[in-house]
1. Among rounded, prolate and oblate, which fits region 2-45 when a ≥ b ≥ c are the square roots of the eigenvalues of its C-alpha gyration tensor, a/c under 1.5 means rounded, and a/b larger than b/c means prolate?
2. Could you derive backbone 3J(HN,Hα) for region 132-143 from the dihedral phi with the Karplus parameters 6.51, -1.76 and 1.60 (θ = phi - 60°), listing whole Hz in sequence and x where the residue is Gly or Pro?
3. Exposure proxy check: Met1, Met165 ranked by fewest other beta carbons within 10 Å?
4. Quick one: net charge of Gly96's neighbours, Cβ under 14 Å, K/R +1, D/E -1?
5. Work out the FRET efficiency for Leu8 and Arg34 from their Cβ-Cβ distance, taking R0 = 35 Å, and round it to the nearest 0.05.
Amino acid sequence: MKFLQRILDFIDSFTERRSRSLASTVSRRSALVRVGRVMVAGAFVLPVLPFDRTSQAFAATHGGGGDGKKKDPTATDCDYWRYCAVDGFLCSCCGGSQTTCPPGTTPSKVTWVGTCHNPADGRDYLVSYNDCCGRTSCGRCFCNTNDGDRPGYRMGVHNDVNWCMANDSSVYHCTVSVIVGVAEQ
């Protein structure tokens, strides 16, 4: 028992000496700065979580719709109805299609969703805009329609964001538009 008591006494005295030494050399302000740095660094390390944009998608109904929109499903210009809220280079001009990323790229883990009106059938569709990541920007067929877009200080409802930030490579290449459902009336 005496041996165990000596070990515990040694641990107590060592801990007390280290704590007093640390307290005499480190101020509260510097400790707060260190904690703040750890918190900020942790924010960049954590993966970006997806956003629930259903309320903003519903608010954007009939956005970009109209009889002037193109009905061609192979359209590579911004007038095609499903591009009503796109902001970026169309993957259909960059080696991919409207719904698939070009070879050598990966779809972003987070996306933004818009509601677009299809003039062919008169229905509104939820369209997920996925950035394709991993290669430098395509540079062709740039569209910036932004129907239903919200201010940039609300990142989850703003489409002018590099959505590749959650991927292994945050380099943006182009954007696909995938229909994910029919908007409820």
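1. Working: a/c = 7.68, a/b = 2.23, b/c = 3.44.
Because a/c hits 1.5 or more and a/b fails to exceed b/c, region 2-45 counts as oblate.
2. These are the phi-based 3J(HN,Hα) values: 9, 10, x, 10, 5, 3, 5, x, 10, 6, 7, 10 Hz.
3. Placing the least packed residue first, the sequence is Met1, Met165.
4. Net charge around Gly96: +1.
5. 0.70
Only the coordinates and a few stated rules stand behind these numbers; no lab work does. Being a predicted model, the structure only gives us computed values, none of them experimental. With ideal geometry, Cβ positions are generated from the backbone for all residues, glycine too; neighbour counts draw on all protein chains shown.
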